[in-house]
Amino acid sequence: MLIAVGVVTYCAAGLEDENAAHTRVVVLGTGNPSAAPERWGPALAVVVNDRAYLVDCGPGVVRRAAAAEKNGIAALKANELKIVFITHLHSDHTLGYPDLIFSPWVLGRKEPLEAYGPRGLKSMTTHIEKAWREDVQVRQRGFEQANANGYKVNVHAVRAGVVYRDENVTVTAFPVKHGIWKEAYGYKFETKDRRIVISGDTAPTDEVVKACNGCDVLLHEVYNPNGEELKEEHWKEYFRTFHTSPAELGEIARQARPKLLVVYHQSLEKLPEADLVEQIKKEYSGNWISAKDLDVY
Ligand SMILES: [Zn+2]
Ligand SMILES: [Zn+2]
């Protein structure tokens, strides 16, 4: 019951009175590799004073942004998507990267995309540019007369610490523990009115606790350990080293003390969301919510 009320309150605050909060988090996609039709690829947007800062670009990110624009968030118009912070290079978090590079350009973005992420992002970007080179040439030389720079990408390799700053926001990257990935990051967004922390994909780590430390909103991943697959030892080991269980999440949240915990990137493991929600309820009594696509906080 508490959870349902939470959704209504936070969504209403975001959509009805744009002046009430200058900083909002739009959950574009809460999904993971499973092809759940109602949960699109992982992607978030921190929207500050009508500028959007994306985090991750799962499948469908540009269309999800368009859906949020239709819901009243003008900053998520396709040709306004100009900056993204990528947590790590797992395919479910980056399959929308070519979409984010090319679609906004075709729809009128004139500036290069600014992309922040782990070191391998540069190589991934170079390969994508090569893969679509003919498309770029046809659109520029043919009747479409596409602009000269909107398909380009400026890649910025991220290290722990402040990675970006402008008049709206300071963005800090912190390292997280995602199994055998050499580099995976969470991000902290500090604006004039809010501190928002995004875990990215991670097993429990103090880095999230330190980054949040009483923050306004903590967005954290979670998996359901009751899943059938988790009876197998290698899957148990996979989730233990790559992701966070409800019990671990409860402990993190108690230490991190967010005003609101938003659970996203839920690995439901073929069980109803309610099964996961029940487990988290037992582990954490603070203010929290299990996110759905297009929620605004
Ligand atoms: Zn991952
Ligand atoms: Zn993931």
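The values are calculated or read from the model by the stated rules, or taken from the named source; none is laboratory data. Owing to the predicted nature of the structure, the values given are computational and were not obtained by experimental measurement. Don't worry about glycine lacking a Cβ; one is built from the backbone with ideal geometry, like all the others, and counts go over all protein chains shown.
How many residues, within segment 220-245, are within 16 Å of ligand 1 (Cβ to nearest atom) and basic (Lys, Arg)? So the count comes out to 1. For segment 83-102, the condition of being over 25 Å from residue 119 (Cβ atoms), more than 16 Å from ligand 1 (Cβ to nearest atom) and either polar (S, T, N, Q) or touching a helix residue (DSSP H, G or I) at 6+ places or on another chain (Cβ under 7 Å) (or both) holds for none of the residues. Within the span defined as segment 64-77, one or more residues are within 30 Å of residue 181 (Cα to Cα) and either among the polar types (S, T, N, Q) or in contact with a Gly (Cβ under 7 Å, 6 or more places away or on another chain) (or both). In segment 3-41, of all residues being away from ligand 2 (no atom under 16 Å from the Cβ) and at pLDDT 90 or above, the one that is farthest from residue 53 (Cα to Cα) corresponds to 37. For segment 79-97, filtered to residues that are over 15 Å from residue 176 (Cα atoms) and of a type in the set (S, T, N, Q), the residue that is farthest from ligand 2 (Cβ to nearest atom) is 79. Take the conditions in a strand (DSSP E or B), away from ligand 2 (no atom under 16 Å from the Cβ) and touching a residue at least 24 places away in the same chain (Cβ under 8 Å) and apply them to residue 154. Does it pass? Judged against the criteria, residue 154 is a match.
Every test in (1) modelled with pLDDT of 95 or more; (2) surrounded by 15 or more Cβ atoms within 10 Å (Cβ to Cβ); (3) of a type in the set (Gly, Ala, Ser) is passed by residue 161 save one, and that test is (2). Scanning segment 178-196 for residues that are part of a strand (DSSP E or B) and either away from ligand 1 (no atom under 16 Å from the Cβ) or surrounded by fewer than 18 Cβ atoms within 10 Å (Cβ to Cβ) (or both) turns up 188, 189, 190, 195, 196. For segment 158-168, the count of residues that are of a type in the set (A, V, I, L, M, F, W, C) and in a loop (DSSP other than H, G, I, E, B) is nonzero.
Whenever a residue of segment 117-135 is under 24 Å from residue 181 (Cβ atoms), its partners that are of a type in the set (D, E, K, R), lying with C-beta atoms within less than 6 angstrom and at least six residues away or across chains, give the pairs 118/183.
Among the residues of segment 245-261, not a single one is buried (at least 16 other Cβ atoms within 10 Å of the Cβ), among the aliphatic types (A, V, I, L, M) and within 21 Å of residue 57 (Cα to Cα).
Per this entry, residue 103 is not counted among residues that are out of contact with any Ser or Thr (no Cβ under 8 Å at 6 or more places or on another chain) and either of a type in the set (Val, Ile, Thr) or within 16 Å of ligand 2 (Cβ to nearest atom) (or both). Within segment 218-273, being hydroxyl-bearing (Ser, Thr, Tyr) and over 20 Å from the mean Cα position of the chain (by Cα) holds for 238, 241. Residues of segment 59-93 that are in contact with a Ser or Thr (Cβ under 8 Å, 6 or more places away or on another chain) and either closer than 20 Å to residue 31 by Cα or at pLDDT below 95 (or both): 62, 86, 93. Quick one: which residue in 237, 273, 269 is modelled with pLDDT under 95 and out of contact with any Pro (no Cβ under 6 Å at 6 or more places or on another chain)? Sole residue among the options that is modelled with pLDDT under 95 and out of contact with any Pro (no Cβ under 6 Å at 6 or more places or on another chain): 269.
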